[in-house]
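Right, one structure below, let's go through it.
Just so you know, all these numbers are worked out from the coordinates, no wet-lab data involved. Source: prediction; values computed, not measured. Cβ placement follows ideal geometry from the backbone for every residue including glycine, while neighbour counts extend to all protein chains displayed.
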Amino acid sequence: MFGLGTPELIVILGIAFLVFGGKKLPEIGAGLGKGIRSFKSGLKDVEDAGKNLVEDSVPGAKELSSLKEEVDKVKNVGNVLKG
C-alpha cells in the first residue's frame, strides 16, 4: 500500500485525529467510502457502455460474444469431468 507500514499509518491517523477531531473522522471516512463507490460505479458504467458500443457497431460481435461464452461453458464442463 504505497510502501506505508503500520507505524507510518498510525502516525498519519494520529495527525488526522488531532486536526479533524474524533467527531469528524467518521464523517470523512463515510464520505470517502461513498466517493470510492461512486467512482467504481462510474467506471463500470463506462466499461459497459463501451462494450455495448462495440457490440452494436461491429457486425457479428454479438454472435462472437455468445459463441465465446458457449465455448467457455464447454471448457468448464470438460475441466470438471477431468478433475
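Some points to look at:
- Around the Cα centre of segment 1-51, unit charges on the Cβ atoms of Lys, Arg, Asp and Glu (plus for the first two, minus for the last two) sum to a dipole of about 160 debye.
- Mean ellipticity per residue at 222 nm, deg cm²/dmol - from DSSP H runs of n ≥ 4 across the chain, formula -39500 (n - 2.57): -30000 deg cm²/dmol
- Segment 34-83 and segment 2-26 have Cα centres separated by 40 Å.
- Listed options for Rg and Dmax of the Cα atoms in Å are (i) 23.3, 60; (ii) 11.7, 33; (iii) 13.0, 42. The value calculated from this structure is the one marked (i).
- Ignoring aspartates and glutamates fewer than eight residues from K68 along the same chain, the ones with Cα atoms less than 18 angstrom from its Cα are D48, E55, D56.
- Filter on K40/K62; K51/K73; K24/K51 - keep pairs with C-alpha separation over 31 Å: K24/K51
- Working note: Karplus 6.51/-1.76/1.60 with θ = phi - 60° gives segment 70-76 the couplings 5, 5, 4, 5, 5, 4, 4 Hz, where Gly and Pro are set to x.
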